[in-house]
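Read through the structure below, which is laid out as structure tokens, and then see the notes.
The values are calculated or read from the model by the stated rules, or taken from the named source; none is laboratory data. The model shown is predicted, which means the values in this text are computed figures rather than measured ones. Glycine also receives a Cβ, built like all others from the backbone with ideal geometry; neighbour counts cover every protein chain displayed. Please note that ligands, DNA and RNA were not included when accessible areas were found on the heavy atoms of the full protein model with its side chains. Shrake-Rupley method; radii C 1.70, N 1.55, O 1.52, S 1.80 Å.
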Amino acid sequence: MKENPITTVFLCRMGFEQDLAEEITHKTGLGGGASPDLEIWEGMVTTHGPPRKLRGAAPIFARQKCEGAIWLDWHESQSTGVKGGAGDVEQMARRVIKQWLAAPPHGGAWALHCYAPDPIHPLAPLAAALERAVKRGLPAGAGSAAGEAPTPPWVLQLVWGVKPQGESSSGSTGFWGGWSRAEDLLSPRPGGIHRMRQDPLAPSRSYLKMEEALEMMGESPKAGQRVADLGAAPGGWSWSFLKRGCRVLAVDKGPMKLPGQEEAAGELTHLRADGMTFTPPASWLPLDWLVSDMLVPPGKTLGLLRTWLGQRLAARFVVNIKLPQHHPYAALKPIEDFMDQLPGCRFTLRQLYHDRREVTLMG
């Protein structure tokens, strides 16, 4: 690895590292995966050198970022031979406190985010143990606001990973650490993980995607709002709105599997039609929400957006976009370009925690 004290770490869903690297290469002008300025790790991409301004919106495939990061190696316990022994954790916690917490930025409130690339990553328990040890080792009145809301102005991020094997590395375990302004984070959640709670009444796990999107948007649908749900069956997204009292046009040729009407505060109308060609009744326009989760390629989704958003048929939108097997960023770029040129539109295009091989457009 090229030794450089100025490193930016971008976190992503494991398996999408190359896609994130391709996107960062395009948006920063870096030399690509073979460049010494960019490295691909498990669940993250690192860039070395002064932070480069990203052209356009935040990276689609990035969950979180940590700028000005410093790498600390983790060493096995010499006495027990067990990686992550209690003594090792306490020793590393003291090192963290000395390195970063002796003088927090501006002496104000701060939060601690200590995490692995994914909650199910093998390093996640070690990250949790270190976070607990750091909190125990802090002097009284140290000003930590970890876990509190809203996020304090500063966040200390400890990002766990395994260094890629190469000429100068044997693949050692450790973590990147660095202070970040809360306003510069891609998400207020540690690692950008928005892990939502499943509703037992929801008919499918897709409900979690909608709940995560609403949280990221900072929106709570209001009773009486009008919603068109394209590709609605079996009803996971419709349920997010029905439980809040909305009026939902569920458009799908397949059957809906929603709870009984007595469980829903809203009103459902199921139309057995093709979501791609559906035209909403004039009496429903303009809609408060357009939501769509259809199994169609990105090019067809772009056509849908041109119709609905280009003609301003809805005030808010959440649209799921399925990804091709190869070079997904190239397939998404026309959508990103269209949204950038849409007057008066604020949007986010991001791969959510609950997304799989897909991304979500919301705004």
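Below, the figures for the structure above:
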| item | result |
| --- | --- |
| Among Pro298, Pro50, Pro343, residue whose mean-square fluctuation peaks in a GNM of the chain (springs only between Cα atoms under 10 Å) | Pro343 |
| Helix-only CD estimate at 222 nm, as mean residue ellipticity for the chain, using -39500 (n - 2.57) per DSSP H run (n ≥ 4) | -6500 deg cm²/dmol |
| Of all DSSP beta bridges in the chain, antiparallel share, percent nearest 5 | 55 percent |
| On Cα atoms only, tilt of 298-308 relative to the major axis of the chain in degrees | 60 degrees |
| Sequence of Glu183, Glu39, Glu212 from largest to smallest accessible area, 1.4 Å probe | Glu183, Glu39, Glu212 |
| Estimated inter-spin distance, Arg132 and Glu263, nm [label 7 Å along Cα→Cβ] | 3.6 nm |
| Under-5 Å amide H pairs with Glu267, H placed in peptide plane, nonlocal only | Cys246, Arg247, Val248 |
| Under Karplus coefficients 6.51, -1.76 and 1.60, residue-wise ³J(HN,Hα) of region 104-121 in Hz, glycine/proline x | x, x, 6, x, x, 5, 8, 10, 10, 10, 10, 7, 9, x, 8, x, 9, 5 |
| Principal-axis tilt of helix 328-340 within the chain, Cα atoms, nearest 10 degrees | 70 degrees |
| Ranked order, His121, His26 - accessible area, probe 1.4 Å, largest first | His26, His121 |
| Accessible surface of the chain, 1.4 Å probe, proportion on carbon and sulfur as whole % | 51 percent |
| Greater than 29 Å apart at Cα, pairs in Lys65/Lys333; Lys65/Lys257; Lys98/Lys163; Lys53/Lys222; Lys135/Lys222 | Lys65/Lys257; Lys53/Lys222; Lys135/Lys222 |
| The chain: most fluctuating residue of Ala62, Ala314, Ala21 per GNM, C-alpha cutoff 10 Å | Ala314 |
| Helix 17-28 vs. the chain, principal-axis angle (Cα, 0 to 90°, nearest 10) | 90 degrees |
| Solvent exposure of the chain as accessible area per residue, Å², 1.4 Å probe | 45 Å² |
| Top positive-direction residue, dipole computed over the chain with Cβ charges, set Val162, Ile335, Ile6 | Ile335 |
| In region 198-265, trypsin sites (Lys or Arg not before Pro) in a DSSP loop with at most 15 other beta-carbon atoms within 10 Å | Arg205, Lys222, Lys253, Lys257 |
| Cα lying deepest toward the dipole's positive end in the chain, options Ala57, Tyr353, Val251, charges on Cβ | Val251 |
| Dipole in debye (nearest 20) - region 209-352, about Cα centre, beta carbon charges: Lys, Arg +1; Asp, Glu -1 | 220 debye |
| Euclidean distance between Cα centres, region 181-203 to region 228-268, Å | 23 Å |
